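Undergrad: Before I ask anything, here is the structure I am working with.
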Ligand code: NCD
């Protein structure tokens, strides 16, 4: 008998709108599980999830861990900085080592674009991309879409402005694919040196100032400057950036009155977003975090559950 084909979640690009909408629907069920007094269902009992984080993470790692645990899977966390990667072990050998322990899902965050895809060659587990270099961060885009849908009851026809360091952002790339696929209008803004040329081909309007992007926006999604990926002089200074591109009340006033303010985190307060806005009434930054657990539960369920929804 041939092995059942394992599916992976490596990117949003190339996926079908109906499949992703269905995933968001499943996440609604799991949001309710997380809000109960007993936040656990037996759905993934006997399954093993290994979180392999070769890059720093707060939200993504903890929410994948909680997602697995709330589904009753056995969850192991592996960190690049405390593993044999530090001793020179290759990704291939690390994956093969994990594979020998029969995991059902490998959740991988890696600084190299394409690393999760590469890993699929050395494991029969389902692989989930938890952010790969400057490529994609599919579960972040899904939790962002979920958060918008919860608040606005729809995605089609909304104007979403994504502002900041677009060039180095896997969040921007996954969101551009997903939000456009689900019918939203996506506009982006950032300093000219941080705007990749291929974006317009995705059907995204690109500005080198934030004001025209924010005009009439239903959602303002602010992104962090990815200092760790810039490694050079693409920006004059953080202060200058905050002055020209940071979200303040004056700029937010250009958007619709009920504009949602989003940020994937981690926030650099006073740089890409002013603290009064990050903590203000339009901010849904912590709703995004809550949605992250629900969406990741839906992803794990879809990849390896043999039981119906709880
Ligand atoms: C993002 C990431 O790691 O890509 N954060 C996250 O997963 N919530 C964005 C960032 O690091 O700025």
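Just so it is clear, none of the values below were taken in a lab; they were calculated from the coordinates. For clarity, every value in this text was computed on a predicted model and none was experimentally measured. So basically every Cβ, Gly included, is an ideal-geometry build from the backbone, and we count neighbours across all protein chains shown.
Undergrad: Can you sort 259, 163 by how many other beta carbons sit within 10 Å, fewest first? Intermediate results must be reported in sequence, preceding the final value.
TA: Working: 259 20, 163 26.
Ascending Cβ contact count within 10 Å gives the list 259, 163.
Undergrad: Would you work out the relative contact order for the stretch 143-233, in percent, from Cα pairs under 8 angstrom that are 6 or more residues apart? Intermediate values should be presented prior to the final figure.
TA: Working: 148 pairs, mean separation 32.0, N = 91.
After rounding, I find 35 percent.
Undergrad: Then there's this: Would you mind checking the radius of gyration and Dmax of the stretch 192-308 based on alpha-carbon positions, in Å?
TA: Calculated on Cα positions, Rg and Dmax stand at 16.8, 54 Å.
Undergrad: Continuing with the same structure: Considering the Cα trace of the stretch 84-190, what is its radius of gyration and what is Dmax, both in angstroms?
TA: Values for the stretch 84-190 (Cα only, Rg and Dmax): 16.7, 50 Å.
Undergrad: How much mean residue ellipticity at 222 nm does the chain get from its helices, if each DSSP H run of length 4 or more adds -39500 (n - 2.57) and you divide by all residues, to the nearest 500 deg cm²/dmol?
TA: On the way: 12 runs with 116 residues, N = 310.
-11000 deg cm²/dmol, from helical runs alone.
Undergrad: Arrange the peptides 184-190, 142-148, 239-245 so that the one whose residues have, on average, the most other Cβ atoms within 10 Å appears first.
TA: Highest-to-lowest ranking by the protection proxy: 142-148, 184-190, 239-245.
Undergrad: Another question about this same structure. Using the alpha-carbon centroid of each, what span in Å lies between the stretch 5-65 and the stretch 246-271?
TA: So the two Cα centres are separated by 27 Å.
Undergrad: Does the stretch 55-138 classify as rounded, prolate or oblate by the C-alpha gyration tensor (a ≥ b ≥ c root eigenvalues; a/c under 1.5 gives rounded; else a/b over b/c gives prolate, otherwise oblate)?
TA: On the way: a/c = 1.36, a/b = 1.14, b/c = 1.19.
Rounded, since a/c falls under 1.5.
Undergrad: Once you order the gyration tensor axes a ≥ b ≥ c over the Cα atoms, which shape class does the chain get: rounded for a/c under 1.5, otherwise prolate or oblate by comparing a/b with b/c? List each step's numbers first, then the result.
TA: Values: a/c = 1.90, a/b = 1.44, b/c = 1.32.
Prolate is the answer for the chain, as a/c is 1.5 or above and a/b outweighs b/c.
Undergrad: From Cα pairs below 8 angstrom and at least 6 apart in sequence, can you work out the relative contact order of the chain, rounded to a whole percent?
TA: Details: 603 pairs, mean separation 66.9, N = 310.
In percent, rounded to a whole number, it is 22.
Undergrad: If one takes the longest principal axis of the Cα atoms in the chain, at what angle in degrees, from 0 to 90 and to the nearest 10, does the Cα axis of helix 285-304 lie?
TA: 30 degrees
Undergrad: Between the stretch 103-129 and the stretch 135-197, what is the C-alpha centre distance in whole Å?
TA: The distance from the Cα centre of the stretch 103-129 to that of the stretch 135-197 comes to 23 Å.
Undergrad: Related question: Please label the shape of the stretch 1-153 as rounded, prolate or oblate, based on the square roots a ≥ b ≥ c of the eigenvalues of the alpha-carbon gyration tensor (a/c under 1.5 means rounded; beyond that, a/b larger than b/c means prolate, else oblate). Can you show the working numbers first?
TA: Values: a/c = 1.56, a/b = 1.41, b/c = 1.11.
Prolate is the answer for the stretch 1-153, as a/c is 1.5 or above and a/b outweighs b/c.
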